[in-house]
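The values are calculated or read from the model by the stated rules, or taken from the named source; none is laboratory data. For clarity, every value in this text was computed on a predicted model and none was experimentally measured. As a convention, Cβ positions derive from the backbone with ideal geometry for all residues, glycine included, and neighbour counts pool all protein chains shown. Side chains included, ligands, DNA and RNA excluded: accessible areas come from the protein's heavy atoms. Shrake-Rupley method; radii C 1.70, N 1.55, O 1.52, S 1.80 Å.
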Amino acid sequence: MLRISSPVSCIFGGDRPFISGWFQRFAPLAKEERGVSNLLVTILLLPLLLFLVFAIVPVFVYSIKGAHMNTAVSHALKEAEAVGYVSPEIASRLNDRLAALGMGGVTVNGTGYPSYAGSTESKVLRDDADPTVKLAVKYPAPNLSRMLRAIGGQGSAQKAEGFYYIVLYGRSEAYE
């Protein structure tokens, strides 16, 4: 004997409620507000987190390049202290060290880098009134603001926006 309790049960089955399949899957998420808020926060923050993760790499390379350059300049300062000034041989060896680090000679706006302008060019003796030897090195730094252009920011399109500028002082050890 067939018993019909309602027209809805006749169409969808006797014990099945009048709710479609996709709504049945979504209903637990709609009732669980915490799950939906976590989903929305993840969807909104995921692009920002990805940008930050990938932005760390150029900043890390920038800082490590500066640290390596500082180490090479420190070694050159020790050589300059021994002879009492920044000789062309010391500058040449420093250029070779920097080239080995991937920072070879470049020209930006007609100026050649690395630049040693401001370094001690005349011999300073140990017994002079001021036996200070100065080594100043200037080299173009990578442009980190180009990353901002990728997301619609105001980053510059220049190849090098700033410079590494390292100035170190030492005491001359040259006698004559």
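Quick notes on this structure:
- Net +/- balance of residues flanking Val73 in space, Cβ distance below 14 Å, scoring K and R +1, D and E -1: +3
- Distant-in-sequence amide contacts of Val108, defined by a placed amide H-H separation under 5 Å and a gap of 5 or more residues or a different chain, comprise Tyr113.
- For Tyr164, the amide hydrogen comes within under 5 Å of the amide hydrogens of Tyr139, Ala141, counting only partners 5 or more places away or on other chains and with H modelled in the peptide plane.
- Karplus 3J(HN,Hα) series, Hz, for segment 115-120 with 6.51 cos²θ - 1.76 cosθ + 1.60 (x for Gly, Pro): 10, 10, 4, x, 7, 6
- Once the 1.4 Å probe is applied to the protein heavy atoms, segment 38-143 comes out at 59 Å² accessible per residue.
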